[in-house]
Amino acid sequence: MRRAETVLRRLFVLAVILTCCAASVLCTTFVARLIGLPGPPRDLVAALVLPRSDSRHIAVAAAQRQAAETRELRARIAYLEKSLRKSERRARSYRHLFNAKRRELHRIKRYLGGYLPPARAHAPRTGESLLVYARRFVGVPYVWGGSSPHGFDCSGLTKYCYAAFGVYLPRVVSGQAHYGRWVPYPRPGDLLFFGLHHVAIYAGHGLMLHAPYTGAHVRYNAAIGYSQVRRYLP
């Protein structure tokens, strides 16, 4: 009987001590917050004051918050990866479009010999004026596909010269041979066609001005062996 009373008395004293400790911690925290001093750690307060079930609820809530943050971060990563793949596809399509435009530009430059057509010549639109204009290109090297003063082929020379007088011929000999009008005898400025593979400008006095072949330059030669004559200027 005495032993039971002793145990109960000790338990009562222990409960009083714990209650005093908890009250002391709460008072200290309240006073510290009141005067602006840091109080004891919240975990300590929670351990002393809150029941064990409340601590378990807090741990579960913290785990839920962490899981929600993890899901949010994963969703953000998935969104960024999707946006990156979309941007890469768009960049590839833009690169393809850019390369197509660049190839088209190179084709046009090759067609024009790397230069735009010449400015209009300030001279009468006659065959003699065209011949005077064409003489300045004597000595320019032959360049296959060339249509500029940096290099001419036969049809490039005739196209460039006639463009200066407002007559825009096709690029190749076969196209130029179907423009203008056929005449039986040439006069200066007319075009002499040698089948559908070569063209020259008639220079008068039995001579022609042309870009003959690779390795040669624009020069005069005897106008012999042509198959037809075409006139494009008055």
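None of the figures in this text is laboratory data; all of them are computed from the coordinates on show. Everything numeric in this text was worked out from a predicted model, so none of it was measured. Every residue, glycine as well, gets a Cβ built from its backbone with ideal geometry; the counts of neighbours run over all protein chains shown.
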(request) Determine, yes or no, whether Tyr185 is more than 49 Å from the chain's Cα centre (by Cα) and either more than 25 Å from Pro141 (Cα to Cα) or of a type in the set (Phe, Trp, Tyr) (or both). (result) yes
(message) Suppose we filter region 197-234 for residues that are among the small types (Gly, Ala, Ser), assigned to a strand (DSSP E or B) and touching a Leu at 6+ places or on another chain (Cβ under 7 Å); how many remain?
(response) 3
(request) Looking at (1) farther than 16 Å from Ala134 by Cβ; (2) in a loop (DSSP other than H, G, I, E, B); (3) touching a residue at least 12 places away in the same chain (Cβ under 8 Å), find the lone condition where Gly166 falls short. (result) (1)
